[in-house]
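Take a look at the structure below.
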Amino acid sequence: MTPDHNDLWFLPLGGTGEIGMNLNLYGHDGQWLMVDCGVTFPKPGRIAADGTVHHRGEPPVQMADPAFIADRRDQLAGLVITHAHEDHVGAVPYLWPLLQCPIYTSRFTAEILRRKLAEFDLLHRVPIIVVETGESRQIGPFNVQWLALTHSIPDPNALMIRTGIGNIFHSGDWKLDDHPLVGHGYSRQTFTDLADEGVAAMVCDSTNATVAGHSISEAALHEGLLRAVRSAEGRVVVTCFGSNIARLHTLGLIARETGRYMGLLGRSLINMSGAARAAGVWDAADRLINPSHLGYLPRAEVLAVATGSQGEPRTALRRLAAGSHPDFELEAGDTVIFSARAIPGNEEAIDALISKLRGMGVTVITAEDSAVPIHASGHPAQEELQAMYRWVRPNIAIPVHGEAEHMDTHADIAKGCGVARTLVGRNGDLFMIRPVPGMRRQIAETGRLGWDKQTLVRVD
């Protein structure tokens, strides 16, 4: 199966019908363009490709089956990574030896990727091309332009993928945040200009399609987090996603305002902050202390930021709850703030962790408990989706990055905005954008086994 010069195809191998494990292919004129290459952390009981079942407490990494494109790697023009979240970049070190193509991405994402590749002894083998926002690159028959959008990580980009027979707008993960605190913002004109040019299809994030209204800005979290930290008497531990450099910036400011010293607990947090410095997106005013010093400070002077907001095994917060962290021990009267929401499937692990902490006499504050916001999603709610459809005006809407409910709701939103055709499919479906707009069929060669038994690669 090879697209010819009259074909423009979209083929998702991961991330469509689920949240995570994104791997997308665009086909045209004998070649393929891959967009994102991510992992997922499976729910207990989920079946992997080798037939084994994931049990609670195990930390396997799973990714989409790349067999379809690995068998055609001579047709793979390149891989574009939209941003540095694990579900978009985490599979690259595992799968690149099967792909062996150049990788195009932004400066911060490239910094994260280099660190991953170094762990696999691949750093000097993988060609990484750093692209600036607004820049265009010709990648085989695809002319790809990087467009500024906002998300919960520095340097996220949407893509305008241009071909001689039609253009595709690929949103990546995004939100419309007028005050993102870190990294580039966005411009409405960027997207209205695309509409003037003509967009055959818009492939778009569905994560929060069921959420009414508009997402909260990162800048709006300062008041709630400051109130929570200021009212705490003992140590404060904040758990959040380590890739959210803007959240770390807010916490750094709060540490200075409350006379506390901030230290990072957890490898991913330390890695992300180092990458942010290297990429020039870390605020020099945010000074960190060595986490090993936190245990020697008066309790009222400690503000630790810890990994483990999803209750994952062996993360810093889990070790603190177990009393096995090397830097300090939590005591009754300390406070743990969850500046994050549960990823679907993690609720049971998070509830167990919160119960453990409260059983120790630790005060726990969650985003649901707080009267003012202490967490902001990185994905668009309904008003943002409506705005983007009004700006871009695509001929076809293809919802991705969501489960069935999210994508169906997203499709209804697109229809309500006047989009002529909406196509809702799942991993392994071939979306024929040209020459027959609106057609979709399942391709068995992708390795799709069916909706309830998706092919996965498992790495323990």
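The values are calculated or read from the model by the stated rules, or taken from the named source; none is laboratory data. The structure displayed is predicted, hence computed values, not measured ones. Heads up, the Cβs are rebuilt from the backbone with ideal geometry, glycines too, and the neighbour counts pull from every protein chain shown. Keep in mind that these areas ignore ligands, DNA and RNA; they rest on the heavy atoms of the full protein, side chains included. Shrake-Rupley method; radii C 1.70, N 1.55, O 1.52, S 1.80 Å.
Listing for the model above:
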{"read-out": "Residues (of a type outside the set (D, E, K, R), within 18 Å of A232 (Cβ to Cβ) and either at pLDDT below 95 or touching a Leu at 6+ places or on another chain (Cβ under 9 Å) (or both)) located in segment 322-337", "value": "F328, L330, V336, I337"}
{"read-out": "Qualifying residue in segment 410-426 (condition: open to solvent by 40 Å² or more (accessible area, probe 1.4 Å), assigned to a loop (DSSP other than H, G, I, E, B), modelled with pLDDT under 95 and within 30 Å of G198 (Cβ to Cβ))", "value": "yes"}
{"read-out": "Set G185, G234, G242: member being within 18 Å of the chain's Cα centre (by Cα) and within 30 Å of G361 (Cα to Cα)", "value": "G242"}
{"read-out": "Single unsatisfied condition, V144 versus (1) assigned to a loop (DSSP other than H, G, I, E, B); (2) within 19 Å of D173 (Cα to Cα)", "value": "(1)"}
{"read-out": "Options H184, H151; residue that is modelled with pLDDT under 95 and open to solvent by 10 Å² or more (accessible area, probe 1.4 Å)", "value": "H184"}
{"read-out": "Per-region count, segment 196-239, residues among the β-branched types (V, I, T) and either in contact with a His (Cβ under 9 Å, 6 or more places away or on another chain) or under 26 Å from G166 (Cα atoms) (or both)", "value": "6"}
{"read-out": "Identity of the residue in segment 359-399, closer than 18 Å to F338 by Cα and of a type in the set (S, T, N, Q), that ends up most open to solvent (accessible area, probe 1.4 Å)", "value": "T363"}
{"read-out": "Where a residue in segment 170-187 is β-branched (V, I, T) and its partner, wherever it lies, is surrounded by fewer than 23 Cβ atoms within 10 Å (Cβ to Cβ) and part of a loop (DSSP other than H, G, I, E, B), with Cβ under 6 Å and at least six apart", "value": "V182/V281"}
{"read-out": "Pairs where the first residue, in segment 335-356, is among the aliphatic types (A, V, I, L, M) and the second is open to solvent by 20 Å² or more (accessible area, probe 1.4 Å) and not in a loop (DSSP other than H, G, I, E, B), C-beta under 7 Å, 6+ apart", "value": "I337/I365; L353/R318"}
{"read-out": "Selection from segment 93-147 of residues that are touching a residue at least 60 places away in the same chain (Cβ under 8 Å), open to solvent by 60 Å² or more (accessible area, probe 1.4 Å) and not hydroxyl-bearing (S, T, Y)", "value": "R107, R115"}
{"read-out": "Residues satisfying the stated conditions in segment 154-169, i.e. open to solvent by 10 Å² or more (accessible area, probe 1.4 Å) and closer than 17 Å to V131 by Cα", "value": "D155, R162"}
{"read-out": "Given (1) under 18 Å from the mean Cα position of the chain (by Cα); (2) part of a helix (DSSP H, G or I), number of the condition I216 does not satisfy", "value": "(2)"}
{"read-out": "Conditions (1) modelled with pLDDT of 95 or more; (2) assigned to a loop (DSSP other than H, G, I, E, B); (3) out of contact with any helix residue (DSSP H, G or I) (no Cβ under 7 Å at 6 or more places or on another chain); number of the one not met by R390", "value": "(2)"}
